[in-house]
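Student: I have a structure I would like to understand better, so I am pasting it below and will then ask my questions one at a time.
The values are calculated or read from the model by the stated rules, or taken from the named source; none is laboratory data. Quick caveat: nothing in here was measured; it's all calculated off a predicted structure. Cβ coordinates were reconstructed from backbone atoms using ideal geometry, including for glycine residues, and neighbour counts include every protein chain displayed. Surface areas here come from the heavy atoms of the whole protein model, side chains and all, with no ligands, DNA or RNA. Shrake-Rupley method; radii C 1.70, N 1.55, O 1.52, S 1.80 Å.
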Amino acid sequence: MRKPMQRRTILILGIVLFAAALLWLVFAVWPDWLIDAIGRKKTFVNTLLNGITLGGLYFLVASGFTLVFGLMRNVNLAHGSMYLLGGYIGYEVAEATGSWFFGLAVAFLAIAVSGILLQVAIFRRMEGDELRQTLVTIGISIIAADLMLATWTGTTYQFDTPDGLYGAIVLPVISVVKSSGAPVFIKYPMYRLTVLGVAVVVGIGLWLFLNRTRIGMMIRAGVNDREMLAASGVNVHFVFALVFAIGAGLAGFAGVVGGTALSIAPGEDIRYLLASLVVVIVGGLGSVSGAAIGALLIGLAEQFGLAYFPTYGVVLTFLIMVGVLAIRPQGIMGTR
Amino acid sequence: MLKCAGKTLLAAAVLAVASPAVAQDTIKMGGLATLEGAFAAPGQDGIRGIRMALEEFNHTAGGKKIELITGSSDASPASAIRATRKLVEQDGVQIMIGPLSGSEGLAVKDYAKTKPNVTFINGTSAAQDTTLRKPAPNFFRFSTEGAQWMAGLGEYAYKVKKYRKVAVLAEDYSFPYTQVFGFLEPFCRLGGKASVNARFWVPIGNKDYSSVIAALPDDVDAIYVALGGADAINFLSQYQQAGGELPLIGGSITVDQTVLGSKGKIRKTVIGTPSAGPISDTWDDPRWKAFVAQYKKMFAGKGGFPSPSLFAHGYYINTKAALLALNQVKGDLSDGGKKLRAALSSLKFESPTGMVSLDPRRNAIADMFLTEVVEGPDGNLVNKTIGVTKQVSQTFGVKYEEFLKYGPVSRTNPPCK
């Protein structure tokens, strides 16, 4: 065995080399042999960006999921329903008021309130009984899916992207140089970059909230030892309700953000629940930074699969999951 | 649910005690469409088509009242079979109208073979082999199929639009295979190219097309797109948002009213897109205009599209065929529907889009329309009529045995090298 210091040096060296190679792939004009080997640069760069932005969307959904689990040991399988409900509520409000941003805010608040209601009215009754709580969330998700189908039918809804965020922008990345010598730049949808930006802001916000505020400190203490936290005079129920509100609200928020990037329809609840589950299994249950890493990995895997081998692309996601479970069962950032 | 079951029980009890003569005064008709999933909007319009035909006949045919029972699927063959079995085996319908989607049609055709006394009439499912190979004797299709719908488009793309090389983007199942075959067969025979490597097959219900859009080649003249319902809306709006600039050629349901009438931002991308299919929104013909007027009268402001989609049209024609044949046999189904099916086989009638009749495998021969998307006078997007191909048969006039040698439709047929 090498000494830990040596292993770390090798790891850092590897990461630096990988980052350098990636930067070269993105910014250099590709030579012909590389195009022959893996196809056009436009496909690669766009797929890379798609993977990262989809990872951003997955992070928005999964961060709330992992937060709730970390504190309450409650696997909330109704999380996908909250995503979908948030999307529908946001759509209705945006249609009625004509303001997408207002719809986004209402979706966040409405789903946060529904999260508090769930916590106060249902989960508090079965505190400490994780299996029962999990089963109840499955029941809630099935009932919610049918109620939403009855209300909004099976039609697909699409948001109007707010005007400032619509259309494509030209990135300072050269795709190919034409025979005339004029460079062709890569274009990318503005909205998807915004999704990424929002995810980064939410991620940093969560980190600051958990690590730099008093309530964040309580939450972290609760993750480590709930009984001790309660014994030291903190109102645990308040902390629980707050965390549940934030987790659920983020799901509703993601419903509007994701529904605008793609669309909302029945079945999306299961899709995002599954994505969140895979993300937190890969990243490590209960860890926000793990959710970020997991979301990025899964987003990239899905998009590269879709672009380079569409028929079998979905296998890639699960290969990653199997690999992580085999080598590091607690997840990349997870603790036992 | 309980309440519903209670009602069914009550109805069953009433039926049981009612005299047989009364019970025979109604004929149960099943209507199956995709009211869930990616094709939910097309499915709803299909049901509107059934209702238009029933309304026209005052819900009566052959002196009997027609009772419509609807079922829903989600475009998967399994869901279509589940809904059909429920309608046939539990509700006891004697005539089935449906399903909507291609692979559903293949599954329902196979199921039809196990129920020889029930008459199955298609909705809008348009896979080639539903009737071409191993047809079921009790499955009828008055709505034609996907390759017929493409009549004239391959020639138009090559000769008028002067496209020589195209990429293909389509959903990965039997109906788009049929459409791609119908488009590429003439296009490639004239000398056009569509490399197998430039054909992209995505699953039904795919939401995120951004990476597929990125993978589309630059060195083609146009992209042939055969996606339907929500898939088409998702692709077209994402293509427009990504700043895609290649011209498109549309499959029959890619730029029809279920897509053009949606709220997605697709206007800039779709205007000028040529397509072909069994209907054309602006066809200047009194029969079609009367049909559109009736559609608007019944459904304008009640969820209907600005103009009927090909799903409303297909379900309407198939339902109308059933009602006409029922009139001919005076509603007599006591022989397990034998007379009805004989009447259907020789039925020939005027539809809103011209004369319809059946070939020996019970697939329709009908007129097809070449169209192009334009902005209508009231700002709605519509398909303008460019040309009409008269009386297109499933084998395009080629002898049946000869046509079979073209091979079954697939991802790579025709190879088009």
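Student: What is the distance in Å between the Cα centres of the stretch A:143-168 and the stretch B:353-414?
Tutor: Comparing the Cα centres of the stretch A:143-168 and the stretch B:353-414, I get a distance of 34 Å.
Student: In addition: If you add up the charges near B:P217, with Lys and Arg at +1 and Asp and Glu at -1, over every other residue whose beta carbon is less than 14 angstrom from its beta carbon, what do you get? Please report the intermediate quantities before stating the final value.
Tutor: On the way: positive: A:R40, A:K41, A:K42, B:R164, B:K165, B:K193, B:R199; negative: B:D218, B:D219, B:D221, B:E245.
Here the charged neighbours net out to +3.
Student: Taking a threshold of 27 Å on the Cα-Cα distance, which of the pairs A:K178/B:K162; B:K207/B:K320; A:K41/B:K207; A:K41/B:K159 fall above it? It would help to have the intermediate numbers written out before the result.
Tutor: Values: A:K178/B:K162 24 Å; B:K207/B:K320 36 Å; A:K41/B:K207 24 Å; A:K41/B:K159 33 Å.
Listed pairs above 27 Å: B:K207/B:K320; A:K41/B:K159.
Student: Ignoring ligands, DNA and RNA, what accessible area per residue does chain B give at 1.4 Å, in Å²?
Tutor: On the way: 15620 Å² over 417 residues.
I get 37 Å² per residue for this part.
Student: Give me the mean projected area, in nm² to one decimal, of the convex hull enclosing the Cα positions of the stretch A:1-128. Numbers along the way, then the final one.
Tutor: Details: hull surface 57.9 nm².
Averaging across all directions leaves 14.5 nm² for the Cα convex hull.
Student: For the protein assembly as shown, what ratio Rg/Rh do Cα atoms give with a Kirkwood hydrodynamic radius?
Tutor: On the way: Rg = 28.4 Å, Rh = 28.1 Å.
Ratio of gyration radius to Kirkwood radius: 1.01.
Student: Now, a different point. Note the direction-averaged projected area, equal to a quarter of the hull surface, for the Cα convex hull of the stretch A:69-136, in nm².
Tutor: Working: hull surface 18.9 nm².
Result: 4.7 nm².
Student: With heavy atoms of protein chains only and a 1.4 Å probe, what residues of the stretch B:211-233 have at least 30 Å² less accessible area in the full set of chains than alone?
Tutor: At a threshold of 30 Å² (probe 1.4 Å), the residues of the stretch B:211-233 that become less exposed are B:S211, B:A214, B:A215, B:D218.
Student: Apply the Karplus parameterisation 6.51 cos²θ - 1.76 cosθ + 1.60, with θ equal to phi minus 60°, to every residue of the stretch B:128-144 and state each ³J(HN,Hα) to the nearest whole Hz, in sequence, with x for glycine and proline.
Tutor: So the Karplus estimates, Gly and Pro as x, are 4, 7, 4, 10, 6, 10, 6, x, 8, x, 10, 10, 10, 9, 8, 9, 6 Hz.
Student: Counting only protein heavy atoms, probe 1.4 Å: which residues of the stretch A:120-164 lose 30 Å² or more of accessible surface in the full assembly compared with their chain by itself?
Tutor: Listed in order, they are A:G154, A:T155, A:T156, A:Q158, A:D160.
Student: Expressed as a rounded percentage, what relative contact order does the stretch B:106-235 have, with Cα pairs under 8 Å and six or more residues apart?
Tutor: Numbers: 186 pairs, mean separation 32.2, N = 130.
Rounded, it is 25 percent for the stretch B:106-235.
Student: Any idea how far apart B:R411 and A:Y312 come out in nm if each label point goes 7 Å out from Cα toward Cβ?
Tutor: 1.1
Student: How much FRET efficiency would the formula 1/(1 + (r/R0)^6) give for B:A290 and B:E401, where r is the Cβ-Cβ distance and R0 is 30 Å, rounded to 0.05? Mind showing how you got there, number by number?
Tutor: Values: r = 40 Å, r/R0 = 1.35.
That pair, B:A290 with B:E401, gives E of 0.15.
Student: Along the charge dipole of chain B, Cβ charges K/R +1 and D/E -1, which of B:P186, B:M298, B:F139 sits furthest on the positive end?
Tutor: B:F139
Student: Could you give the dipole magnitude of the stretch B:16-147 about its Cα centre, charging the beta-carbon of Lys and Arg +1 and that of Asp and Glu -1, in debye to the nearest 20? Write out the running numbers ahead of the final one.
Tutor: Details: 14 positive and 13 negative charges, 73 e Å.
It comes to approximately 340 debye.
Student: May I ask you to derive the relative contact order of chain B, considering only C-alpha pairs under 8 Å and at least 6 residues apart, and to give it as an integer percent?
Tutor: Details: 881 pairs, mean separation 79.7, N = 417.
Computed over chain B, the figure is 19 percent.
Student: Right, another one. Using Cα pairs under 8 angstrom and six or more residues apart, how large is the relative contact order of the stretch B:45-169, in percent? Walk me through the intermediate numbers first.
Tutor: On the way: 146 pairs, mean separation 21.4, N = 125.
Rounded, it is 17 percent for the stretch B:45-169.
Student: Determine the per residue accessible area of chain A with all protein chains present and a 1.4 angstrom probe, expressed in square angstrom. Write out the running numbers ahead of the final one.
Tutor: Details: 16230 Å² over 336 residues.
Per-residue value: 48 Å².
Student: Related question: Can you name the helices of chain A, as whole DSSP H runs, whose Cα span along the helix axis is 20 Å or more and whose Kyte-Doolittle mean is not below 0.0? Show your work: numbers first, answer last.
Tutor: On the way: long enough: A:4-27 (34 Å, 1.73); A:41-72 (46 Å, 1.15); A:79-97 (27 Å, 0.24); A:100-121 (31 Å, 2.19); A:130-152 (32 Å, 1.11); A:190-212 (32 Å, 1.50); A:236-261 (37 Å, 1.88); A:268-283 (22 Å, 1.56); A:288-308 (30 Å, 1.40); A:313-327 (22 Å, 2.81).
The qualifying helices are A:4-27, A:41-72, A:79-97, A:100-121, A:130-152, A:190-212, A:236-261, A:268-283, A:288-308, A:313-327.
Student: Moving to a separate point now. At a 1.4 Å probe, what is the % contribution of carbon and sulfur to the accessible area of the stretch A:227-274?
Tutor: On the way: 1120 of 1530 Å².
Of the solvent-accessible surface of the stretch A:227-274, carbon and sulfur hold 73 percent.
Student: If R₀ is 51 angstrom, what is the calculated FRET efficiency for the pair B:S345 and B:K193, using the beta carbon separation as r and rounding to 0.05? It would help to have the intermediate numbers written out before the result.
Tutor: On the way: r = 41 Å, r/R0 = 0.81.
Taking R0 as 51 Å, the efficiency between B:S345 and B:K193 is 0.80.
Student: Express as a percent, rounded to the nearest 5, the fraction of DSSP beta bridges in the protein assembly as shown (both residues included) that run antiparallel.
Tutor: Details: 29 of 60 bridges.
Of the beta bridges lying entirely in the protein assembly as shown, close to 50 percent run antiparallel.
Student: In degrees, nearest 10, range 0 to 90: what is the angle between the Cα axis of helix B:40-56 and the longest Cα principal axis of chain B?
Tutor: So the inclination is approximately 50 degrees.
Student: Using the alpha-carbon atoms, what tilt in degrees (0 to 90, nearest 10) does helix B:229-241 show relative to the longest principal axis of chain B?
Tutor: 20
Student: What does the convex hull of the Cα atoms of the stretch B:313-381 come to per residue, in Å³, rounded to a whole number? Don't skip to the answer; put the middle values down first.
Tutor: On the way: hull volume 7.8 nm³, N = 69.
Per-residue hull volume (Cα only) is 113 Å³.
Student: While we're on this one: Can you give the extra length, in nm with one decimal, that the chain gains between A:F209 and A:L165 once fully stretched, where that is 0.36 nm per residue apart less the Cα-Cα distance?
Tutor: Working: separation 44, 0.36 × 44 = 15.84 nm, distance 2.79 nm.
Length gained between A:F209 and A:L165: 13.0 nm.
Student: Let me ask something else about it. Stick to the Cα atoms of the stretch B:211-327, pair each with every other, and give me the Kirkwood hydrodynamic radius in Å at one decimal.
Tutor: Working: mean 1/r = 0.0632 Å⁻¹.
Result for the stretch B:211-327 stands at 15.8 Å.
Student: While we're on this one: At a probe radius of 1.4 Å, figure out the A/B buried accessible area, summed over both chains, and give it in Å² to the nearest 100. Could the numbers behind the result be given before it?
Tutor: Values: alone 17480 and 16930 Å², together 31850 Å².
Protein heavy atoms only, the A-B interface buries about 2600 Å².
Student: List the residues of the stretch A:299-326 for which accessible area in the full set of protein chains is at least 20 Å² lower than for the chain on its own; 1.4 Å probe, protein heavy atoms only.
Tutor: At a threshold of 20 Å² (probe 1.4 Å), the residues of the stretch A:299-326 that become less exposed are A:Q303, A:L306, A:A307, A:P310, A:T311.
Student: Helix B:174-189: angle to the longest alpha-carbon principal axis of chain B, degrees 0 to 90, nearest 10?
Tutor: Approximately 40 degrees, to the nearest ten.
Student: What distance in nm lies between label points placed 7 Å from Cα along the C-beta direction at A:A231 and B:R267?
Tutor: Label-label distance for A:A231 and B:R267, simple model: 6.8 nm.
Student: To the nearest 0.05, what FRET efficiency results for B:K162 and A:E92 with a Förster distance of 60 Å applied to their C-beta separation? The partial results should precede the final answer.
Tutor: Values: r = 47 Å, r/R0 = 0.78.
That pair, B:K162 with A:E92, gives E of 0.80.
Student: Taking the Cα centre of the stretch A:191-317 as origin and charging only Cβ (+1 Lys, Arg; -1 Asp, Glu), how large is the dipole, in debye to the nearest 20? Could the numbers behind the result be given before it?
Tutor: Details: 6 positive and 5 negative charges, 61 e Å.
I would put it at about 300 debye.
Student: Then there is this: If you split all Cα-Cα distances of the stretch B:82-129 into 10 Å bins from zero, what percentages do you get per bin, shortest first?
Tutor: 28, 60, 12
Student: Just the projected area, averaged over all directions, of the convex hull on the alpha carbon atoms of the stretch A:182-230: how many nm²?
Tutor: Numbers: hull surface 21.1 nm².
Projected over every direction and averaged, the Cα hull of the stretch A:182-230 covers 5.3 nm².
Student: Just to confirm my numbers, what's the Cα centroid distance between the stretch B:198-265 and the stretch A:282-310 in Å?
Tutor: 26
Student: Can you pull a Stokes-Einstein diffusion coefficient for the stretch B:21-85 at 20 °C (1.002 mPa s), Rh from Kirkwood over Cα pairs, as a whole number of µm²/s?
Tutor: My calculation gives 168 µm²/s for D.
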